[in-house]
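To start, the structure itself, in structure tokens.
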Amino acid sequence: MLIAAVLVLIVLGSLLFHFLSPWWWTPIASNWAYIDTTLIVTFWITGAVFTAVVLFIAYCLLRFRHRPGRRAAYEPENRRLELILTVGTAVGVAAMLAPGLVVWARFIQVPEEAAEVEVVGQQWQWSFRLPGEDGQLGRADTRLITPESPLGLSAHDPRGQDDVIVEAADLHVPVGKPVKILLRSVDVLHDFYVPEFRAKMDMIPGAVTYFWLTPTRTGTFEILCAELCGVGHPYMRGVIVVDSESDYQAWLAEQITFAQLSTARQAADASP
Ligand SMILES: [Cu+2]
């Protein structure tokens, strides 16, 4: 009796907590409202199943509790029940997975007009690279990393000379314009995550992963690493600033290119 009451209270408490909780998603700042929709679908399905299963257990505890002289019936096979449970589970799992597949397809189908931005993760900091005036990112490889080329850009690729290198932990992007985020890691697995964008993706050494988004409001948002990547993992924070077009251009004008960076570092090395 007591256990049945506790089970009912757990269900009530969980539902109340879910609907009244002040800890909800931070307000969205990108076009990925679809991601929230998929989460809500999952909440409804898992919430309904959780409520049904726990209340069923409470019901069974009361209805079939021990009474003197009553014996349990043994029923090893029940085709009808097996069919209902199998089909019901399959439908529920499919309903949770299918919207995710649709959203995933959109997430990686980058619009033609999207500007490219590269994010480089390393233990335990973020760096960024933008294509320069030619609109193309030059070749980069982890094996080419030197003090003059901290992101591993090839000195021999003319497309890379005008690339903008941002070693500070803040990246700026203009509001309302689609941007393709290219992700690279120079050491271990990291994961680029901006909660307000509802977007995250693993960064894999030796590969370039990507997704796209359109920032929908200006503001300053935190970049978190969402893949345990060593003792400094909790401190691997960055900032992404969504600017108006004029603020963005002002920021961009202050950044330095790969050619300027490598010349400055070579000069610093040469001086005694
Ligand atoms: Cu990390």
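At a glance:
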{"read-out": "Relative contact order, percent, the range 115-270 [alpha-carbon distance under 8 Å, six or more residues apart]", "value": "27 percent"}
{"read-out": "Cα gyration tensor shape for the range 164-269, rounded if a/c is under 1.5, else prolate or oblate", "value": "oblate"}
{"read-out": "Sorted peptide list for 226-235, 75-84, criterion being average Cβ within 10 angstrom, highest first", "value": "226-235, 75-84"}
{"read-out": "Ranked list, fewest to most other Cβ atoms within 10 Å of each Cβ, for ASP269, ASP162, ASP141", "value": "ASP269, ASP141, ASP162"}
{"read-out": "Phi-based couplings in Hz for the range 214-226 (Karplus 6.51, -1.76, 1.60; Gly and Pro marked x)", "value": "10, x, 9, 8, 6, x, 10, 10, 8, 9, 10, 8, 10"}
{"read-out": "The chain: angle of helix 258-270 to the longest principal axis, Cα-based, in degrees nearest 10", "value": "60 degrees"}
{"read-out": "13 Å beta-carbon shell around MET203, net charge (K/R +1, D/E -1)", "value": "-3"}
{"read-out": "Loop trypsin sites (Lys or Arg not before Pro), the range 153-225, which have at most 13 other Cβ atoms in a 10 Å radius of their Cβ (DSSP)", "value": "ARG217"}
{"read-out": "Neighbour-count ranking [beta-carbon atoms within 10 angstrom, fewest first] of SER185, SER244", "value": "SER244, SER185"}
{"read-out": "Three-way shape call for the range 1-75 based on the alpha-carbon gyration tensor, with the a/c threshold at 1.5", "value": "oblate"}
{"read-out": "Global form of the range 1-136, assessed from the alpha-carbon gyration tensor, a/c cut-off 1.5", "value": "prolate"}
{"read-out": "Rh by Kirkwood over Cα pairs, then Stokes-Einstein D for the range 101-240 at 1.567 mPa s and 4 °C, µm²/s", "value": "84 µm²/s"}
{"read-out": "Normalised contact order of the chain, rounded percent, pairs of Cα under 8 Å and 6 or more residues apart", "value": "20 percent"}
{"read-out": "Convex hull volume per residue for the chain, taking Cα atoms only, in Å³", "value": "190 Å³"}
{"read-out": "Magnitude of the charge dipole, the range 115-270, Cβ model with Lys/Arg +1 and Asp/Glu -1, debye to 20", "value": "340 debye"}
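Every number in this text was worked out from the coordinates using simple rules, so none of it is lab data. Quick caveat: nothing in here was measured; it's all calculated off a predicted structure. Every residue, glycine as well, gets a Cβ built from its backbone with ideal geometry; the counts of neighbours run over all protein chains shown.
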